[in-house]
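Heads up: the structure comes next, in structure tokens.
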Amino acid sequence: MKLYLIDTLSPFFMPLPENREYNWSKVPFSLLEDDEGLVPGYEVQICQSFSLYLRKVKQLGYNAITIDELCRMVSFDFYNESLKRKLKRYEAFYQKLFAMAETEGLKVYVTSDIMFFNRDIDNDIGNKRKHEKVQDLLQLAVEKLLENYSQVEGVIFRLGESDGLDVQGDFLSRLFIKTPKQCRTLIRNLIPLFEEREKNLIIRSWTIGAYSIGDLMWNKDTLDKVFKNIESDALIISHKFGESDFFKYLNLNPLFFDESHQKIVELQARREYEGFGEFPCFVGRDYEKIGRYLQSAHNMMGIMVWGQTGGWSHFNKLTYLRNSSLWVEINIYTIIKIFKNKMSSEKAIFDFSEEHFPGKKREVLLKISKISEGIVRDLWYIPEFSSKRLYFRRNRIPTILWIVWDNILISHMIRRVIRAFVLEKKEAVIDGYRALDKIGKLKKYGAQLGMDERQFEYMYDTYNIIAHGREYYLGHWNPEIQEKIQRLSREYREKYPWGFHISCEFSPVQPRKWVIKSLFRIAIRNRPQYTLQDKMILIRFSSLIYFFAKIGQRKKMPDFLEDRAMGIQTFLK
């Protein structure tokens, strides 16, 4: 491996208020701008933070950064005059940032969705030959980028997801690539631009199930339709480590063992589904195992680490900057030591402890990492459910359904789902409370390192809600557990107004138990291969099924499922 990428998102959030809900998928430019471009005071603050951040990641051993985003780095003649003036200021801003990266010896990789749009672009493209015109425009944007910014080493394209419904600004991306054929054509047209300049074209395989390209991240057949017989030293395919998003209990994505192309693996240090760095959530042993497996994969070029990027939440710890999370820093440190220095996760923990807790026993931090990892696996997740390999249409079902970003969900609907897949219900409830009790050990060991014990109290109270939620899901229903969860939730909100959102919906769903089980048998499969029902019914008509289900159960669905990200309905296209 020779490419060790990490994102640079946190400096861009430095000017923004804390404890507000943010989309952490990319830079929120609309919150940083006035009519002329970046607010001058914000620009100064971002540049100062960017410089500090670069020095830190360079010191750790990373040799490349990702930075958002292509649409703000280039301009076109057909843009309105106001936008062209704004982008001229952005050009000077990015030149400063890229010069900083060059000074630190860090390579620059620019991110972009396929494809970004605004009113000017829509008017210029028109309705005829739209797909061809968009591809031409994207190619021209790449040419302009590589000509205007000599420090840019490559472009990282996301094709399977676009801007969320909450995103605003001069540019909004939309899902544009819908078929493997369209994707293949675009890649073949882009490659020469990178080859002649000896730059890298990185295509992320991440997709969310929309359209026929939607299973690119795990389906070998779709991958072959896009990339087979495309040979280029400029092309790199980027896979997340599993067949779904950044969850635990996922096997290594088998597409890494396709021998035809150069690849990098995406790894997340700030765990968007496991607390955003609010609590200890060590990934070292999981990633050490992935590193060992990848030693037998051909053409592995490197890693892409997400140190701040990902998810929606009001948790505002900024990595290496404001209120930086120790637990995220441990993960970022451990990842680079594993993949670049061939170090074990245990040795990485020891070295981190000696740097950050001098004079303390290094075994203490190791104990914290092991105990907390076990608590996450045994309580945050439900092992019997989370270890099942389940698929719905073009998606690998997440290994956790009861926690989404900064939301803890306790509902009768999820209860029906979980109970259908967990047989050892009583044992799972007992194991959950047993794991909860282990947080006391974390508090004890944390005190030996001088850590603030309040973070472990906060952790206990959050996990206590989850443990009682598990009892509701898997135990015998009685009004007492419902009342206790409601009481605990009220007390939690009073004590931690900035803590997790807790969404409770105990009213029964309409379908009877046998109806739900029948639907599961039809819709859910335990292998990646599509069934006849998938091909004939689910892939074609799921959006209609969702429409009618939503009418009957609308009040029981948390609002964020429809107004965050791209909306749950996008998964069914």
Checklist entry - Based on the Kirkwood radius over alpha-carbon pairs, what is the Stokes-Einstein translational diffusion coefficient of segment 21-83 at 37 °C with 0.692 mPa s viscosity, in µm²/s? => result 232 µm²/s
Next on the checklist: About the Cα centre, and with charges only on the beta carbon of Lys, Arg (+1) and Asp, Glu (-1), how big is the dipole of segment 1-133? Nearest 20 debye, please.
Outcome noted: 420 debye
Checklist entry - Using only the Cα atoms of segment 24-165, what do you get for the radius of gyration and for Dmax, in Å? => result 15.8, 51
Checklist entry - Taking the Cα atoms of the chain, what is the range of coordinates along each of the three principal axes, in descending order and whole Å? => result 66, 64, 50
Checklist outcome for this item: Packing-ranked peptide list from 195-203, 447-455, highest mean Cβ count within 10 angstrom first, is 195-203, 447-455
Next on the checklist: Just to be sure I understand the model, the point goes 7 Å from the Cα along the line to the Cβ. What's the resulting residue 48 to residue 326 distance in nm?
Outcome noted: 2.7 nm
Item to check | Peptide ranges 517-530, 317-330 listed from the most packed, as the mean C-beta count within 10 angstrom indicates | outcome: 317-330, 517-530
Next on the checklist: Please list, by residue number, everything in segment 92-121 whose backbone N is under 20 Å from a paramagnetic label point 7 Å out along Cα→Cβ of residue 140.
Outcome noted: 112-121
Checklist entry - What list of ³J(HN,Hα) values in whole Hz, one per residue of segment 483-490 in order, does the Karplus curve 6.51 cos²θ - 1.76 cosθ + 1.60 (θ = phi - 60°) give from phi, with Gly and Pro shown as x? => result 5, 5, 4, 5, 5, 4, 5, 5
Checklist entry - Which listed residue (110, 44, 398) has the Cα farthest towards the positive end of the charge dipole for the chain, taking +1 on Lys and Arg C-beta and -1 on Asp and Glu C-beta about the Cα centre? => result 398
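Which pairs, out of 58/340; 225/340; 240/441, put more than 22 Å between their alpha-carbon atoms?
225/340; 240/441
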Checklist entry - Taking the Cα centre of the chain as origin and charging only Cβ (+1 Lys, Arg; -1 Asp, Glu), how large is the dipole, in debye to the nearest 20? => result 2160 debye
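Based on the mean of other beta carbon atoms within 10 Å per residue, what is the order of 20-31, 305-316, 89-100, most packed first? Kindly include the intermediate steps, with their values, before the conclusion.
Working: 20-31: 18.2, 305-316: 23.1, 89-100: 16.6.
Sorting 20-31, 305-316, 89-100 by mean packing, highest first, produces 305-316, 20-31, 89-100.
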Item to check | Residue-averaged [θ]222 nm for the chain, counting only DSSP H segments that reach four residues, each worth -39500 (n - 2.57) | outcome: -14000 deg cm²/dmol
Item to check | Under 12 Å from residue 248, Cα to Cα: aspartates and glutamates that are on another chain or at least 8 residues apart | outcome: 272, 274, 286, 373, 378
Checklist entry - Relative to the present Cα-Cα distance, how much length would full extension add between residue 228 and residue 507 at 0.36 nm per residue of separation? => result 95.4 nm
Checklist entry - Looking at 449, 422, 257, which one has the Cα that reaches farthest to the positive end of the dipole of the chain (charges on Cβ: Lys, Arg +1; Asp, Glu -1)? => result 422
Item to check | Förster radius 45 Å - calculated FRET efficiency between residue 18 and residue 420, Cβ distance, rounded to 0.05 | outcome: 0.65
Checklist entry - At a Förster radius of 25 Å, what calculated FRET efficiency corresponds to the Cβ-Cβ distance of residue 483 and residue 430, to the nearest 0.05? => result 0.70
Item to check | Furthest towards positive pole of dipole, 374, 279, 326, structure part segment 256-411, Cβ charges | outcome: 374
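Coordinate-derived values only; no laboratory data. Since the structure is predicted, the reported quantities are computational estimates derived from the model, not experimental observations. Backbone-built Cβ (ideal geometry, glycine too); neighbour counts: all protein chains shown.
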